[in-house]
Amino acid sequence: MLTEWTVERSHYLYKDRFLKHRLDRCRTRQGVVVDPYHVIEYSDWINVVAVTPELNILLVREYRHGGGFIATGLPSGTFETGDDALSCATRELREETGAVSAHWFATASVFANPAVMTNRVHSFLAVNVELGGETNFDASEEIETAAVPVGEVYKGLLSGELMVQGLHLASLYAAAAYVRGSEHPLLKPVRDAISRAY
């Protein structure tokens, strides 16, 4: 029978406002000691699949230092104090693209990597997104926004030419699954555009 490990000791190796690095001493049900076991504590994240009335998805391009390149992805961000998932999603979409929407659908909530990370990634679909507002980048952010037709985005996923961030890919496929299973009238044009792509 599967059981959780017992944590016998735990201490932090590092803490800052972005993450905490914890070292645990664990014991399995069979008595095997795992020491140290590294755990990274992050805040929860959000990803937004934002679709305009013209059936374009808003994508953002920005430098990603971990990979060392300029990546194309979804508007995304980290929870701040007092956030819930939807308030974080609406704020990040507005800050990164200047866009807003009155129509939001929660499509998935998954762990980023439960082997070593504590946070969840919440995915949203926003439709009838309106452009034209002010962006508000963090001091270190430099972001370009592109509105790409829904079909081109999904064809790009299938060919492997578009998305390099795995959790953004998951959010796009979660949006596709959600609209295919929904009868909501606002989602029919999006469903039809995705169906034509694959």
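The values are calculated or read from the model by the stated rules, or taken from the named source; none is laboratory data. No experiment lies behind these values; they were computed from the predicted model shown. A quick note on method: Cβ atoms are made from the backbone with ideal geometry, for glycine too, and the neighbour counts reach across all protein chains shown. Surface areas here come from the heavy atoms of the whole protein model, side chains and all, with no ligands, DNA or RNA. Shrake-Rupley method; radii C 1.70, N 1.55, O 1.52, S 1.80 Å.
Odds and ends about this structure:
- Those residues of the stretch 37-69 which are open to solvent by 30 Å² or more (accessible area, probe 1.4 Å), in contact with an Asp or Glu (Cβ under 7 Å, 6 or more places away or on another chain) and either within 24 Å of A115 (Cα to Cα) or of a type in the set (V, I, T) (or both), in sequence order: Y37
- Of the listed requirements (1) open to solvent by less than 50 Å² (accessible area, probe 1.4 Å); (2) touching a residue at least 40 places away in the same chain (Cβ under 8 Å), V34 misses just one: (2).
- Per this entry, R191 is not counted among residues that are under 18 Å from A126 (Cα atoms), of a type in the set (K, R) and open to solvent by 60 Å² or more (accessible area, probe 1.4 Å).
- Selection count where residues are small (G, A, S) and either part of a strand (DSSP E or B) or open to solvent by 60 Å² or more (accessible area, probe 1.4 Å) (or both), scope the stretch 143-156: 2
- Residues (among the small types (G, A, S) and either open to solvent by 60 Å² or more (accessible area, probe 1.4 Å) or touching a residue at least 40 places away in the same chain (Cβ under 8 Å) (or both)) located in the stretch 116-134: S123, A126, G132
- In the stretch 70-80, the residues that are assigned to a strand (DSSP E or B) and open to solvent by 50 Å² or more (accessible area, probe 1.4 Å): I70, T78
- Criterion (under 26 Å from G67 (Cα atoms), modelled with pLDDT under 95 and open to solvent by 70 Å² or more (accessible area, probe 1.4 Å)) met by exactly one of S159, S140: S140
- Counting the residues of the stretch 175-198 that are under 19 Å from N56 (Cβ atoms) and either in contact (Cβ under 8 Å) with a residue 40 or more places away in the chain or under 20 Å from the mean Cα position of the chain (by Cα) (or both) gives 13.
- Qualifying residue in the stretch 4-18 (condition: more than 29 Å from W104 (Cα to Cα), touching a Lys or Arg at 6+ places or on another chain (Cβ under 8 Å) and open to solvent by less than 30 Å² (accessible area, probe 1.4 Å)): no
- Residue list for the stretch 93-115, restricted to those being surrounded by 15 or more Cβ atoms within 10 Å (Cβ to Cβ) and in contact (Cβ under 8 Å) with a residue 60 or more places away in the chain: F105, T107, A108, A112
- Members of the stretch 139-183 found to be more than 25 Å from E96 (Cα to Cα) and in contact with a helix residue (DSSP H, G or I) (Cβ under 9 Å, 6 or more places away or on another chain), listed by number: L158, R180, S182
- Pairs are defined by a Cβ separation below 8 Å, a sequence spacing of at least 6 or placement on different chains, a first member in the stretch 48-62 that is among the acidic types (D, E) and modelled with pLDDT under 95, and a second member that is assigned to a strand (DSSP E or B) and open to solvent by 10 Å² or more (accessible area, probe 1.4 Å); the pairs so defined are E62/I70; E62/A71; E62/E144.
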